[in-house]
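One structure coming up, written as structure tokens, with questions to follow.
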Amino acid sequence: MHEDICCIGEYKMPLIGEKFPEVEVKTTQGAIKLPEHFEGKWFVLFSHPADFTPVCTTEFVAFQNRYDQFKELDTELIGLSIDQVFSHLKWIEWIKDNLDVDIEFPVVADDRGQLAERLGMVSPYKGNNTVRAVFIVDDKGAIRAILYYPQEAGRNIDEIIRLVKALQTSDKGVALPANWPNNEIIGDKVIVPPASTVEEMKSRKEAAEKGEIECLDWWLCCKKLE
């Protein structure tokens, strides 16, 4: 892999499972420290290419319209772009005045691009603006998912909500199928971790016979979420 792809400047691209870097940032709600500011909560940090751009405006409205759904998952939102805080404030004001939507979550003014560079949000092939990156961070400050969208395509916010819900559910020791909770094979059931020993394989079959779980085979078992 070429160095300019795996690394951005002096930083290595972050990985799932790593701790979110400790940084202090300027936002539309004042200076905050990440991930400390959201201690004990999950948060979604999402970058957008620039203020006063059409796709980004639709995304901000979509995030705000679903903010209560994120809060129900004990999850906060925080935006970011390489713009000054004055630009963020004016753009948020424009959204309120013209679309009657109050942006309640903070927006990072990363005008020097330092955090964006550290998180790999700037592609050397896509200009100097941030791409549409999404970092889902859990209540312990660990990065649980990373999504990257191109500048020309807006994000599906409902999918981000679904992913947060799926990650929180997976912490109960289960896995989630494709399109959960609307999977074509097992519906809204969750997947039981596959057996890794002969003894576990036998116990899976016994549990299925007792109706405790459902199995298509010993390595593909599921159950209703408690």
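The values are calculated or read from the model by the stated rules, or taken from the named source; none is laboratory data. Model, not experiment: these values are computed from the prediction. No Cβ is skipped: glycine too gets one built from the backbone with ideal geometry, and neighbour counts run over all protein chains shown. Quick note on the areas: whole protein, heavy atoms, side chains included, nothing else; ligands and nucleic acids left out. Shrake-Rupley method; radii C 1.70, N 1.55, O 1.52, S 1.80 Å.
Considering only the stretch 87-106, I want to know if a residue exists there that is more than 16 Å from the chain's Cα centre (by Cα) and modelled with pLDDT under 95.
no
Look at ILE16 and say whether it is part of a loop (DSSP other than H, G, I, E, B), open to solvent by 40 Å² or more (accessible area, probe 1.4 Å), among the β-branched types (Val, Ile, Thr) and modelled with pLDDT of 95 or more.
Answer is yes for this residue.
Turning to a different aspect of this structure: Just one of (1) under 12 Å from the mean Cα position of the chain (by Cα); (2) open to solvent by 40 Å² or more (accessible area, probe 1.4 Å); (3) without any contact (Cβ under 8 Å) to a residue 40 or more places away in the chain trips up GLU200, so point out which.
With (1) under 12 Å from the mean Cα position of the chain (by Cα); (2) open to solvent by 40 Å² or more (accessible area, probe 1.4 Å); (3) without any contact (Cβ under 8 Å) to a residue 40 or more places away in the chain applied to GLU200, the lone miss is (1).
Let me ask something else about it. Hand me the list of strands (runs of 3 or more DSSP E) wholly inside the stretch 87-156 holding 2 or more residues that are out of contact with any Ser or Thr (no Cβ under 6 Å at 6 or more places or on another chain) and hydrophobic (A, V, I, L, M, F, W, C).
By residue number, 132-137, 143-149.
Could you grab me the full set of residues in the stretch 160-170 that are open to solvent by less than 50 Å² (accessible area, probe 1.4 Å) and over 10 Å from the mean Cα position of the chain (by Cα)?
Within the stretch 160-170, ALA166, GLN168, THR169, SER170 meet the criteria.
May I pose another question? Report whether or not ALA50 is under 21 Å from ASP110 (Cα atoms), aliphatic (A, V, I, L, M) and modelled with pLDDT under 95.
Yes, satisfied.
Return only the number of the condition from (1) more than 25 Å from ARG162 (Cβ to Cβ); (2) surrounded by fewer than 18 Cβ atoms within 10 Å (Cβ to Cβ) that LYS41 does not satisfy.
Going through the list (1) more than 25 Å from ARG162 (Cβ to Cβ); (2) surrounded by fewer than 18 Cβ atoms within 10 Å (Cβ to Cβ), LYS41 breaks only (1).
Kindly check whether there is at least one residue in the stretch 205-218 that is more than 23 Å from ARG144 (Cβ to Cβ), basic (Lys, Arg) and either under 24 Å from the mean Cα position of the chain (by Cα) or assigned to a helix (DSSP H, G or I) (or both).
yes
Can you tell me which of (1) open to solvent by less than 90 Å² (accessible area, probe 1.4 Å); (2) assigned to a loop (DSSP other than H, G, I, E, B); (3) farther than 30 Å from PRO21 by Cβ is the one ILE185 doesn't meet?
(1)
Sticking with this one: Search the stretch 130-159 for residues being open to solvent by 50 Å² or more (accessible area, probe 1.4 Å) and modelled with pLDDT of 95 or more, and hand back the single one that is farthest from the chain's Cα centre (by Cα).
In this case the residue turns out to be LYS140.
So ASP74 passes all but one of these: (1) farther than 28 Å from LYS19 by Cβ; (2) touching a residue at least 12 places away in the same chain (Cβ under 8 Å); (3) open to solvent by 30 Å² or more (accessible area, probe 1.4 Å). Which condition number does it fail?
The single condition ASP74 does not satisfy is (1).
Quick one: in the stretch 48-82, of everything that is in a strand (DSSP E or B) and over 17 Å from VAL164 (Cβ atoms), which residue is farthest from the chain's Cα centre (by Cα)?
My answer is SER81.
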